[in-house]
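As structure tokens, the structure follows; a few thoughts come after it.
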Amino acid sequence: MEKLQSMEQYEKLKKEERTIFMFSADWCPDCRVIEPILPRLEADYPEYTFMEVDRDQFIDLCGELDIFGIPSFIAFHNGKEAGRFVSKDRKTLEEIEDFINGLSA
């Protein structure tokens with residue numbers, strides 16, 4: 001999964017048809033646990049652009065979006081938030097798939 005490089009990139013990507021941002025950090029053990037399943041998610045949901053956001057690098061964005069636990073996911077469709085899976089709990093593949101499958105088109 002590609003890592004977000006700038007706020008300009010974030011603004012551009014959130015306006016695309018379908019983007020999912022995963023908020024993470026290198027020191028987060030729960031984030032490392034789901035790391036091996038991320039390529040599968042990208043392959044199973046090619047209609048989405050997936051982007052990893054480093055919580056420490058983009059702490060102001062996390063505050064703006066009320067991201068207080070990681071790993072967390074926020075989906076955007078054409079600039080509007082389509083859904084969020086935000087909590088401090090460890091996520092399973094099934095929970096992430098349920099989140100993506102439940103997003104409104």
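A short reminder: the numbers here are calculations on the coordinates, not readings from a lab. Just so it is clear, the model here is predicted, and its values are computed rather than measured. Virtual Cβ from ideal backbone geometry, glycine too; neighbours counted across all protein chains shown.
Before moving on, here are some points about what is shown:
- Candidates Phe73, Phe50, Phe85 - the one that is in contact (Cβ under 8 Å) with a residue 40 or more places away in the chain, of a type in the set (A, V, I, L, M, F, W, C), under 17 Å from Asn101 (Cα atoms) and touching a Phe, Trp or Tyr at 6+ places or on another chain (Cβ under 7 Å): Phe73
- Counting only helices (runs of 4 or more DSSP H) that sit wholly inside the stretch 11-69, those with at least 3 residues that are farther than 17 Å from Lys88 by Cβ are 38-44, 59-64.
- Those residues of the stretch 88-105 which are exposed (fewer than 14 other Cβ atoms within 10 Å of the Cβ) and assigned to a loop (DSSP other than H, G, I, E, B), in sequence order: Lys88, Asp89, Arg90, Thr92, Gly102, Ser104, Ala105
- In summary, Glu47 fulfils each of the numbered conditions (1) out of contact with any strand residue (DSSP E or B) (no Cβ under 6 Å at 6 or more places or on another chain); (2) surrounded by 13 or more Cβ atoms within 10 Å (Cβ to Cβ); (3) within 22 Å of Lys12 (Cβ to Cβ) with the single exception of condition (2).
- Neighbours by Cβ (under 7 Å, 6+ apart or cross-chain): first from the stretch 1-19, within 18 Å of Ile100 (Cα to Cα); second surrounded by 11 or more Cβ atoms within 10 Å (Cβ to Cβ) and β-branched (Val, Ile, Thr): Leu13/Thr19; Leu13/Thr49; Glu16/Thr49; Arg18/Thr49; Thr19/Thr49
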